[in-house]
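The values are calculated or read from the model by the stated rules, or taken from the named source; none is laboratory data. None of these values were measured; they are calculated from a predicted model. Don't worry about glycine lacking a Cβ; one is built from the backbone with ideal geometry, like all the others, and counts go over all protein chains shown.
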Amino acid sequence: MGSLVLVAGSVLAAEIPDVLKTSDGKKADSAAVWEAVRRPEILELFKAQVFGRNPVGRPATLRFEPIAADREMVGGKAIRKRVNIRYTGPGGEGCIALTAFIPKAPKPVPTFVLICNRSSEKHIDPDRLAPNPFFPAEELVARGYAALAFHNGDVDPDAHDGFTNGVHGVFQPDPKARTADSWGTIAAWAWGASRVMDWIESEPLIDRTRVAVVGHSRGGKTALWCGANDTRFALTISNDSGCGGAKLNRMDLPKSESIARINKAFPHWFCENFKQYGGREDTLPVDQHMLVALVAPRLVYVASATQDDWAGQPGEFQSCVLATPVWRLYGKKGLVGETFPAADTPLQGGCIGYHLRTGKHDLALYDWERYMDFADAHWKK
Ligand code: GCU
C-alpha cells in the first residue's frame with residue numbers, strides 16, 4: 001500500500017479505489033461504459049456494504065392529503081402548502097409531513113428540498129413564527145426558489161429501535177427477516193426524500209427538472225445517498241456530511257469520525273455489513289468519492305466548515321477531486337480547482353461545487369446563499 005500526500009497535513013492511509021476501474025480491472029473510458037458497467041457496480045457495493053437495500057420503492061399505496069388549506073405567506077409572495085405523504089405496508093401506516101413555500105411566479109419554479117434533521121417546530125417552522133437560517137424559506141422565495149422541508153424522524157426515528165418503528169416496521173414488520181444488507185436508517189430517510197419527489201411530480205407549480213435535495217450532517221449523508229439513487233434530483237447538496245457522507249475514509253484525519261466510531265454511536269444508520277470495516281477502512285471496496293461520483297453527470301455540491309474537524313474537511317474536499325474524472329467522461333467539468341481552498345472562497349466553476357465556510361458545524365445562511373448561486377449559474381442561464 002502506498003501513501004500519498006494530497007493536502008497539507010493529510011496523508012492517505014491506504015490506496016484509494018479508482019472510481020473508473022471496473023471490477024475486472026478495465027478502465028471505464030466512456031460515459032456509456034460508466035453507465036453500463038462501473039456505475040451499477042459502485043451502486044451495488046454501496047447498497048450491499050454501506051447503506052443497505054430498500055425493500056420498496058414508490059409504494060402502490062402512496063397518497064397525498066392536504067394538512068391545511070393553501071395560504072399566502074412570506075408577505076404574500078408565496079403559497080404555503082402542507083401535505084401529508086401517506087403510505088401503508090404489511091406493518092401499518094407511515095406519514096411524512098411536508099411543508100412547501102412556493103413563490104408566486106408565471107412559470108413552474110426550481111426547488112430546494114431540505115431533509116431536516118433538527119426539530120421541525122423550530123427549524124421548519126411552518127407558520128414562520130421565528131424563522132431560522134437552517135431553513136431560510138424567505139430568502140429562497142426571494143430568489144425565486146420554492147422551499148420544501150420534511151423532518152427525517154417522520155420517515156424513521158433516529159434511534160436504534162431494532163428496526164421495528166418507522167418505515168422499516170411498515171414494510172418489514174418482522175425484524176428477524178432482516179439480512180446483513182437490509183436498509184439502515186440513512187437509507188430510510190433517503191427513501192423519504194424520494195417520496196417528496198413523488199409529490200413534486202404531482203405539483204404543477206414546481207419544475208420537476210430543477211430540484212435540489214439538501215441535507216446537513218446526518219442529513220448530508222442522506223442527501224448524497226438519495227441523489228446517488230434517485231436521478232430525478234438535478235442537484236444534490238451535502239452540507240458538513242463527514243463520515244459516511246463526502247469524507248474519504250482512507251484519509252488520515254485523526255480529529256475526524258471513523259467508521260468504528262460512527263457504527264458504535266449510531267448502530268442503526270448503516271447496514272450490518274458496514275460494521276466489519278471499522279478499523280479496516282483499507283478493505284472497504286468503495287470510498288466516499290465514489291458516492292459523490294454516483295451523482296454524475298448531474299450537479300453536486302459539497303460544503304465544509306472551518307471548525308468542523310469531526311467531519312474531516314480535507315476528506316470532504318478530496319472526494320470531489322477524485323470524483324471529477326467521471327464528469328469528464330461526459331465532456332463536463334467536475335470540480336474546478338485541485339487544491340484545498342481558503343475559507344469562504346467557493347469553487348463553483350464546474351458541475352461539482354465546493355466551499356469551506358468560516359465557522360462551526362451548521363447549515364448557515366452563507367451555505368444556502370452559495371447553493372443558490374450555484375443553482376442560479378446552472379439553472380437560470
Ligand atoms: C454526530 C455524528 C456525525 C453526524 C452529526 C450530525 O456528530 O458523529 O456523523 O454527522 O452527529 O448529524 O450532526
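Scanning segment 340-350 for residues that are part of a loop (DSSP other than H, G, I, E, B), touching a residue at least 12 places away in the same chain (Cβ under 8 Å) and either aliphatic (A, V, I, L, M) or more than 21 Å from residue 144 (Cβ to Cβ) (or both) yields 340, 341, 342, 343, 344, 349, 350.
In segment 185-220, the qualifying residues are those that are within 14 Å of the ligand (Cβ to nearest atom) and assigned to a helix (DSSP H, G or I), and the one that is farthest from residue 147 (Cα to Cα) is 185. Residue 231 meets all of the listed conditions (1) surrounded by fewer than 22 Cβ atoms within 10 Å (Cβ to Cβ); (2) under 15 Å from residue 110 (Cα atoms) but one, namely (2). When residue 328 is tested against (1) in a helix (DSSP H, G or I); (2) under 21 Å from the mean Cα position of the chain (by Cα), only condition (2) is not met. All conditions in (1) in contact (Cβ under 8 Å) with a residue 24 or more places away in the chain; (2) surrounded by fewer than 18 Cβ atoms within 10 Å (Cβ to Cβ) hold for residue 261, with the sole exception of (1).
Which pairs do you get when a residue that is over 15 Å from residue 299 (Cα atoms) and touching a residue at least 24 places away in the same chain (Cβ under 8 Å), found in segment 358-381, comes within reach of a residue that is in a helix (DSSP H, G or I) and among the charged types (D, E, K, R), reach meaning Cβ atoms under 6 angstrom, with the pair 6+ apart or on two chains? So the pair list comes out empty. Applying a threshold of 8 Å to beta carbon distances and a minimum spacing of six or more residues, or different chains, the list of pairs starting in segment 197-222 at a residue that is at positive phi and ending at one that is within 14 Å of the ligand (Cβ to nearest atom) and not in a loop (DSSP other than H, G, I, E, B) reads 217/239; 217/311. Farther than 25 Å from residue 315 by Cα, surrounded by fewer than 18 Cβ atoms within 10 Å (Cβ to Cβ) and either within 14 Å of the ligand (Cβ to nearest atom) or of a type in the set (Lys, Arg) (or both): is that true of residue 180 in this structure? Spelling it out, it is not the case that residue 180 is farther than 25 Å from residue 315 by Cα, surrounded by fewer than 18 Cβ atoms within 10 Å (Cβ to Cβ) and either within 14 Å of the ligand (Cβ to nearest atom) or of a type in the set (Lys, Arg) (or both). Is at least one residue of segment 314-332 on the phi > 0 side of the Ramachandran plot and at pLDDT 95 or above? Yes, that holds for at least one residue. Here is a check on your reading of the model: is residue 304 within 15 Å of the ligand (Cβ to nearest atom) and outside any loop (DSSP other than H, G, I, E, B)? For residue 304, the condition - within 15 Å of the ligand (Cβ to nearest atom) and outside any loop (DSSP other than H, G, I, E, B) - is met.
Checking each residue in segment 221-239 for being of a type in the set (D, E, K, R) and away from the ligand (no atom under 16 Å from the Cβ) picks out 230, 232. One residue alone among 291, 322 is within 30 Å of residue 55 (Cβ to Cβ) and either away from the ligand (no atom under 16 Å from the Cβ) or part of a helix (DSSP H, G or I) (or both), and that residue is 291. Can we say residue 83 is more than 25 Å from the chain's Cα centre (by Cα), more than 17 Å from residue 170 (Cβ to Cβ) and surrounded by 14 or more Cβ atoms within 10 Å (Cβ to Cβ)? Judged against the criteria, residue 83 is not a match.
When residue 52 is tested against the conditions (1) out of contact with any strand residue (DSSP E or B) (no Cβ under 8 Å at 6 or more places or on another chain); (2) on the phi > 0 side of the Ramachandran plot; (3) at pLDDT 95 or above, the lone failure is (1).
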